[in-house]
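The values are calculated or read from the model by the stated rules, or taken from the named source; none is laboratory data. A quick note: this is a predicted structure, and the numbers were derived from the prediction, not measured. When we count neighbours, we look across all protein chains shown, and the Cβ atoms used for this are built from the backbone with ideal geometry, even at glycine.
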């Protein structure tokens, strides 16, 4: 097993899922409660990574962060080196790629909330922020945890985007899934098998946790 | 302190609300059938729905004025609201629910207020429980206490007691009255139950199709001897049109046939209009239901029909019976059990002549 790749994947997934938590909470809130008519366009954009080939997404990210792009040039001026084929580029690409996996479960649990509770909070003098932190988020914990866990797992398992944007540099951009690809290319079927089996077990455990969490711990309707 | 509201709101193509009400300190009942606009009025007063036009004031404070460009957000209105489904926060304890509206105060002051209100609404032994671990009546008390602990300048109640049995309702209403004897705020209480109107209203405002049909004391507005305006029929479960076949002046009754059916009813004589078409209203609770043909009764109207459905609504069972036209009948659950009712079976409805209210 390529332990450097495992550590790299875990670090990547941890950063990506935490950053996504920060972005996905307000985005999911807006998607759930906004009354703007053009909302469906934003929903479609957020969901694009679900259907787009990873190579297409990776290609555009690569173009967007390349040394000729404004982002790439800005990055080079700040840090003195290019953004493509670095760990940071993997983080950016993974955030975009895993966005729907964080937003959708959170938005789904917001949508399940009894809107009467939000109204009740308002009539009790609570600001929007207080209602969000004291009522909406606590009652959506299962969905929020599911969003974080799914984006973590999805980042661990991604391949195409990583290969396009980060290449295959040991210790910098070679993640577990790329390491499996390498092992197969090198005809090391035993090693590939061991890595694949651990990824399979990992994914199963994660999904089992998510589905266990999605069973709601208290029924809102039971309190009427 | 009093509440005054003029609210115009187009809710849908088919329904528009246009009401003007004035609520002095004490309990005013907002009464009407479902869909008459009762909850829309409450939501507008609370700031949860913006009227198209009008104004809302509590005491001297303007909460909404379309022309003046004033629209105080719900959170700043200080208007208590007890929702039909209570909307207790399921993840918070009873104590945390009560404290929710007191965020600006010191922990000490919050504790003190919560203890005091919990004691006066008899839920002080439940403070550490979650709402789901309390009974229906206790949850109603919690919801009421949660709105009142913030010292609101007006209180809105949306059918808060409809799911409770009558004795529990009365106890809670007593507690609410006792609380308001001291605070004297306007309380607007929405219901579609005649019983609740008489049990707790000092005044009643009747809504019909989005406008105020009548206002006054419950007795003046709802207890009409024989003839009534259409508006006064608002809360009746059975309202139907009928053609007058014969007027029996000596008996003081009329013989009618319900429009679109062969059902004939004997109803009190209505004077005046002389129009051939009248409206007949019958409370669901005034109709008797029998599983065998009744005999030897004084009631003039015995209708044979088929039981279409039987559902539970709060403390009552609601039966729908097809006699050529559908009647809604209320029974107690024990009566429904005792009769062993089965959907589709033949039943007989017994309706006293003077249970029929007539509007010309």
Count, please, the residues in the range B:64-83 that happen to be more than 8 Å from chain A (Cβ to nearest Cβ) and out of contact with any helix residue (DSSP H, G or I) (no Cβ under 7 Å at 6 or more places or on another chain).
-> 9
How many residues of the range A:49-69 are touching a helix residue (DSSP H, G or I) at 6+ places or on another chain (Cβ under 8 Å) and assigned to a helix (DSSP H, G or I)? The answer is 11
Is it the case that residue B:300 is surrounded by 12 or more Cβ atoms within 10 Å (Cβ to Cβ), at pLDDT 85 or above and over 30 Å from residue B:84 (Cα atoms)?
-> no
Of the residues B:36, B:55, which single one is away from chain A (no Cβ under 12 Å), crowded, with 18+ Cβ neighbours inside 10 Å and in contact (Cβ under 8 Å) with a residue 60 or more places away in the chain?
-> B:36
Within the range B:84-98, the residues that are more than 7 Å from chain A (Cβ to nearest Cβ) and within 16 Å of residue B:159 (Cβ to Cβ) are B:84
Would it be correct to say that residue A:107 is at pLDDT 90 or above, buried (at least 23 other Cβ atoms within 10 Å of the Cβ), out of contact with any strand residue (DSSP E or B) (no Cβ under 8 Å at 6 or more places or on another chain) and closer than 30 Å to residue B:81 by Cα?
-> yes
Every listed condition ((1) under 20 Å from residue A:128 (Cα atoms); (2) within 12 Å of chain A (Cβ to nearest Cβ); (3) part of a loop (DSSP other than H, G, I, E, B)) holds for residue B:50 save (2)
Sort out for me the helices (runs of 4 or more DSSP H) sitting completely within the range A:105-180 that have 3 or more residues that are within 14 Å of chain B (Cβ to nearest Cβ).
-> A:115-123, A:128-131, A:141-157
Residue B:217 passes all but one of (1) modelled with pLDDT of 80 or more; (2) more than 13 Å from residue B:31 (Cβ to Cβ); (3) surrounded by fewer than 18 Cβ atoms within 10 Å (Cβ to Cβ); which number fails?
-> (2)
Out of the range B:120-135, which residues are buried (at least 16 other Cβ atoms within 10 Å of the Cβ), assigned to a loop (DSSP other than H, G, I, E, B) and within 14 Å of chain A (Cβ to nearest Cβ)?
-> B:130, B:134
In the range B:140-175, the residues that are surrounded by fewer than 22 Cβ atoms within 10 Å (Cβ to Cβ) and without any contact (Cβ under 8 Å) to a residue 60 or more places away in the chain = B:167, B:168, B:170, B:171, B:172, B:173, B:174, B:175
Among the listed residues B:125, B:91, B:183, which satisfies the condition of being under 23 Å from residue B:30 (Cβ atoms) and either in the same structural domain as residue B:313 (by TED's automatic domain parsing) or free of Cβ contacts under 8 Å to residues at least 60 places away in the same chain (or both)?
-> B:183
Quickly run through the range B:136-153 and pick out the residues that are touching a helix residue (DSSP H, G or I) at 6+ places or on another chain (Cβ under 7 Å) and either part of a helix (DSSP H, G or I) or closer than 17 Å to residue B:27 by Cβ (or both).
-> B:137, B:138, B:139, B:140, B:141, B:142, B:144, B:145, B:146, B:148
